[in-house]
Amino acid sequence: MTTTTRRDFLKTIGLATVCACTGMAALNACSMIKGVSATETIPDYAWKRNDDGIIIDLAKSECLVLPGGAGKLSVDIGDEKPLKLIVVHHEEGHFRVFSDCCTHGGRELNYLHEEGKLQCSSFGRSEFSMKGQAIKGPAEGPLAVYPAEKPNHNALIISVL
């Protein structure tokens, strides 16, 4: 029969506590561990508000010129919080616009062009389809999707109201 010393007992309890805390953090990762999006910010001079939404000058938005590019912007729409958007140049001439807030923890998103999806920048790595549907991770709800049209070569109009 082996005896456990007080020191061994405390080590075991400490290790169990660390494991339990780590497990809880993993279960609630998006809301606890702050991620930073790698998505470039669309410059302020490249877009403007109009009555119904936002007009982006694509000639001034280098991050949106080629398919696979993405950019983010934050728009004051008079509410308490600004509206955070991620604009994705999904295919040649086709753009998609989503809320830039993970539906689990509210963190920013990254666009993974090669995989055709959006991914939360936080530890939990929730993933969303190009239709905004949650496809992986702790997020269960879809992203808000905003209509966008490209009436000419250099303009993208996003309806936000």
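The fraction of accessible area contributed by carbon and sulfur in the stretch 55-161 is 48 percent, rounded to a whole number (1.4 Å probe; ligands and nucleic acids excluded). Rounded to the nearest 0.05, what FRET efficiency is calculated for SER159 and GLU92 with R0 set to 30 Å and r the Cβ-Cβ distance? According to the calculation, E is roughly 0.85. I need the shape label for the stretch 100-140. Rule: rounded when a/c is under 1.5, else prolate if a/b > b/c, else oblate, with a, b, c from the alpha carbon gyration tensor. It comes out prolate by the Cα gyration axes.
Amide H contacts for ALA144 (H built 1.01 Å from N in the peptide plane; partners 5 or more residues away or on another chain; cut-off under 5 Å): SER99. Solvent-accessible surface of the stretch 79-122, averaged per residue with a 1.4 angstrom probe and all protein chains in place: 46 square angstrom. In units of the compact-protein estimate 2.2 N^0.38 Å, the stretch 28-161 shows a Cα radius of gyration of 1.00. For the stretch 76-152, the dipole from Cβ point charges (+1 on Lys and Arg, -1 on Asp and Glu) about the Cα centre works out to 180 debye, to the nearest 20.
Temperature 25 °C, viscosity 0.890 mPa s: under these conditions the Stokes-Einstein estimate for the stretch 69-122, based on its Kirkwood radius over C-alpha pairs, is 209 µm² per second.
With a simple spin-label model that places each label point 7 Å from the Cα along the Cα-to-Cβ direction, the separation between LYS131 and HIS113 comes to 2.4 nm.
The values are calculated or read from the model by the stated rules, or taken from the named source; none is laboratory data. Since the model is a prediction, treat every value here as computed from it, not as a measurement. Neighbour counts run over all protein chains shown; Cβ positions are idealised from the backbone, glycine included. To get the accessible areas, we keep the full protein, side chains included, count just its heavy atoms, and leave off ligands, DNA and RNA. Shrake-Rupley method; radii C 1.70, N 1.55, O 1.52, S 1.80 Å.
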